[in-house]
1. Please identify, among PHE216, PHE146, PHE61, the residue showing maximal mean-square fluctuation in a Gaussian network model of the chain using a 10 angstrom Cα cutoff.
2. Please list 191-200, 117-126, 227-236, 147-156 highest first by mean number of surrounding beta-carbon atoms within 10 Å per residue.
3. Where is the GNM fluctuation largest for the chain (alpha-carbon springs, 10 angstrom cutoff): LEU140, LEU55, LEU169?
4. So what's the net charge close to LYS87: Lys and Arg +1, Asp and Glu -1, counting the other residues with Cβ under 15 Å from its Cβ?
5. What number in nm² do you get for region 11-99 if you take the convex hull of its Cα atoms and divide its surface by four?
6. In this model, which of LYS50/LYS234; LYS50/LYS193; LYS131/LYS193; LYS48/LYS193 are farther than 19 Å apart at the alpha-carbon?
7. Could you order peptides 181-188, 34-41 by the average number of other Cβ atoms within 10 Å of their residues, highest first?
8. Using alpha-carbon pairs under 8 Å, 6+ residues apart, how would you state the relative contact order of region 158-243 in percent?
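Readers should treat all values here as calculations from the given coordinates under stated rules, not as data from a laboratory. Only a predicted model underlies this, so the values are computations on that prediction, with no experimental measurement involved. All Cβ positions, glycine included, derive from the backbone under ideal geometry; neighbour counts span all protein chains shown.
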Amino acid sequence: MSNTARNNLDIYDDVAANWWSDDIRWLRTLKNLVPGRLKWFDRHIDWKGKSVLDLGCAGGFMAEALAEKGASVTGIDPAARAIEAAKVHATQSGLQIRYDVGVGEALPYDDAAFDAVVCVDVLEHVSDLPKVISEIARVLRPEGTFLYDTINRNLVARFAAITVAEDILRLLPKGTHDPEMFIRPAELASVMKQAGLVVGPTTGLGPRGINRRGDFVFGPLPSRAIIYMGMATKPRSDERSNR
């Protein structure tokens with residue numbers, strides 16, 4: 001059972017007013033993760049002209065990066081104040097991004113609405129993982145792409161994400177994660193298959209260096225022991241019927 005005192009989602013609204021200020025270290029960490037993720041995601045999709053849903057977009061770091069790559073981006077998140085911050089910054093940046101308040105278990109979009117769904121730093125927080133993955137599959141178009149990252153469930157990941165990241169280095173606020181909600185790759189693969197998605201490759205994600213400000217920079221890693229990224233695709237209807 002999840003520990004809601006640990007899976008604290010209020011942190012995203014609490015810092016909404018400073019989301020883009022670079023004054024808060026853990027928000028800089030979230031921002032620094034975006035190019036690291038895209039180093040791998042970009043290998044699997046050409047974003048230009050694609051309709052993309054950023055599920056769990058918070059204040060818009062990933063959504064803006066995708067819009068700058070030429071995608072038509074919709075962002076959704078339950079943190080209403082973070083969504084407002086995302087709207088303001090997108091307008092200031094001259095980016096056309098649609099932002100909605102909502103949850104992954106009940107996406108307010110039509111079937112087959114998006115060419116791609118991106119879901120980062122989210123799956124280990126949701127209340128109903130199979131429902132979220134089912135909704136992702138529903139809103140994806142045939143041959144659409146699902147790109148994600150999440151945290152593995154094992155002792156190493158627990159130590160790194162909780163003891164080191166939250167308690168020692170304070171890279172994240174205390175209580176951000178509940179280690180019982182972390183997801184093993186095989187478990188996630190099974191849920192995606194049940195939703196009708198074709199599971200693709202995975203890789204690790206983690207620190208690759210330190211920048212001038214003393215913050216970590218991130219990129220793909222061989223080990224999936226802590227954070228792992230992956231992709232899946234939605235088959236065409238004729239492919240599903242032939243299975």
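1. Top of the fluctuation ranking is PHE216.
2. Numbers: 191-200: 17.4, 117-126: 23.6, 227-236: 21.7, 147-156: 19.5.
Result, highest mean Cβ count within 10 Å first: 117-126, 227-236, 147-156, 191-200.
3. Among LEU140, LEU55, LEU169, the largest mean-square fluctuation in the Gaussian network model of the chain belongs to LEU169.
4. On the way: positive: ARG81, ARG98; negative: ASP13, ASP54, GLU64, ASP77, GLU84, ASP100.
Overall, the nearby charge balance is -4.
5. Values: hull surface 21.0 nm².
The number I arrive at for region 11-99 is 5.3 nm².
6. Where the Cα-Cα span goes over 19 Å, the pairs concerned are LYS50/LYS193; LYS48/LYS193.
7. In descending order of packing, they fall as 34-41, 181-188.
8. Values: 95 pairs, mean separation 21.1, N = 86.
Relative contact order comes out at 25 percent.
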